[in-house]
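See below for the structure under consideration.
The values are calculated or read from the model by the stated rules, or taken from the named source; none is laboratory data. Please read these numbers as outputs of a predicted model, since none were measured by experiment. In this analysis, Cβ positions are derived from the backbone assuming ideal geometry, glycine residues included, and neighbour counts consider all displayed protein chains.
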Ligand code: NAD
Ligand code: UDP
């Protein structure tokens, strides 16, 4: 049994991770300030003797005797990370320093939830880990993109300077049950709009692409990454290479929900990436043949069921 700290554990991805780690017989500390996460996401885990909940902000130091740290604390949707951009950078940078400091003092292994956003609006397609990205350093997405890039730098420097065992994963768009209903991300927006027979809001002409990964596939990749040999730090892409336009996604969700919604078009937000698709050959090689197993249609059906119950 390991003692594992999950920062951002009450969020969408964090709650699935806590659940899986507990099911595997570990002691889990879930640390969260509830900015975008919620106790509802982890309510079913409260009462488990191996689960502890800590209300804490990662921008303040925290100590606990742990073997592993998964650093997920950070708002992830554009609406939420742009709400208080300075705080977003603090969470990425100071939060990472605090968690790396903790890893150093207790000799824990630490994994950083980085993002495909480090590639910005990519000139290379699909994106491979050796690509350095095309990021606007002064735009409205920069607090998140540059914050996450700086966090990767900190992880690598703590590793080189202090020999900390680190792991960096670059997560591509992930969806599934417990996504927040009101965080403006495309999958939750479209499903909720379709279930309510409201207009489906496509930003821009809908030809921009994303690759959507079901949350269970991500969790499997994260856990396998933590188990890799100490010399393998990443960064490694974790995503589903299936690539869809937002128009295709909207039509698929209308079909699966049997909705009467119509598609309408809104202006494209500033710096919205045109395309995104992971090259997952490194993950496949280093994470024991890992690859996504859940097709978009199957994952969407589970997510639609979740939102139907909520609504
Ligand atoms: P989320 O917003 O549901 O979860 C983030 C959690 O972090 C929330 O519970 C929030 O309350 C908590 N948090 C935020 N700031 C904090 C702080 N200062 N101190 C303590 N807790 C704090 O988002 P998510 O989709 O679950 O994302 C989790 C992680 O994965 C994030 O780091 C995100 O950048 C990364 N990621 C997610 C995606 C995706 O598609 N969902 C893609 C790439 C990267
Ligand atoms: N998007 C959209 N309608 C919405 C919400 C988002 O067309 O109601 C678009 C958004 O402009 C982007 C894509 O969907 O091109 C994915 O957006 P999301 O915020 O989910 O993720 P990210 O842009 O961070 O990849």
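Yes/no per residue for (1) at pLDDT 95 or above; (2) assigned to a helix (DSSP H, G or I); (3) surrounded by fewer than 19 Cβ atoms within 10 Å (Cβ to Cβ):
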{"position": "138", "(1), (2), (3)": "yes, no, yes"}
{"position": "160", "(1), (2), (3)": "yes, yes, yes"}
{"position": "169", "(1), (2), (3)": "yes, no, no"}
{"position": "177", "(1), (2), (3)": "yes, no, no"}
{"position": "198", "(1), (2), (3)": "yes, no, yes"}
{"position": "201", "(1), (2), (3)": "yes, no, yes"}
{"position": "228", "(1), (2), (3)": "yes, no, yes"}
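Of the strands (runs of 3 or more DSSP E) lying entirely inside the range 1-95, those containing at least 2 residues that are touching a strand residue (DSSP E or B) at 6+ places or on another chain (Cβ under 6 Å) and without any contact (Cβ under 8 Å) to a residue 40 or more places away in the chain are 27-32, 51-55. Candidates 43, 107, 55: the one that is at positive phi and surrounded by fewer than 24 Cβ atoms within 10 Å (Cβ to Cβ) is 107.
Taken over the range 274-311, the criterion of being at pLDDT below 95 and touching a helix residue (DSSP H, G or I) at 6+ places or on another chain (Cβ under 6 Å) is satisfied by 276, 311. Of everything in the range 156-172 that is within 22 Å of residue 220 (Cβ to Cβ) and touching a helix residue (DSSP H, G or I) at 6+ places or on another chain (Cβ under 7 Å), the residue that is nearest to ligand 2 (Cβ to nearest atom) is 172. Checked against the criteria, residue 270 counts as out of contact with any helix residue (DSSP H, G or I) (no Cβ under 9 Å at 6 or more places or on another chain), exposed (fewer than 13 other Cβ atoms within 10 Å of the Cβ) and assigned to a loop (DSSP other than H, G, I, E, B).
The rows are residues; the columns are (1) within 21 Å of residue 81 (Cα to Cα); (2) more than 10 Å from ligand 2 (Cβ to nearest atom).
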{"residue": "142", "(1), (2)": "yes, yes"}
{"residue": "183", "(1), (2)": "yes, no"}
{"residue": "189", "(1), (2)": "yes, no"}
{"residue": "197", "(1), (2)": "no, yes"}
{"residue": "200", "(1), (2)": "no, no"}
{"residue": "206", "(1), (2)": "no, no"}
{"residue": "227", "(1), (2)": "no, yes"}
{"residue": "237", "(1), (2)": "no, yes"}
{"residue": "247", "(1), (2)": "no, no"}
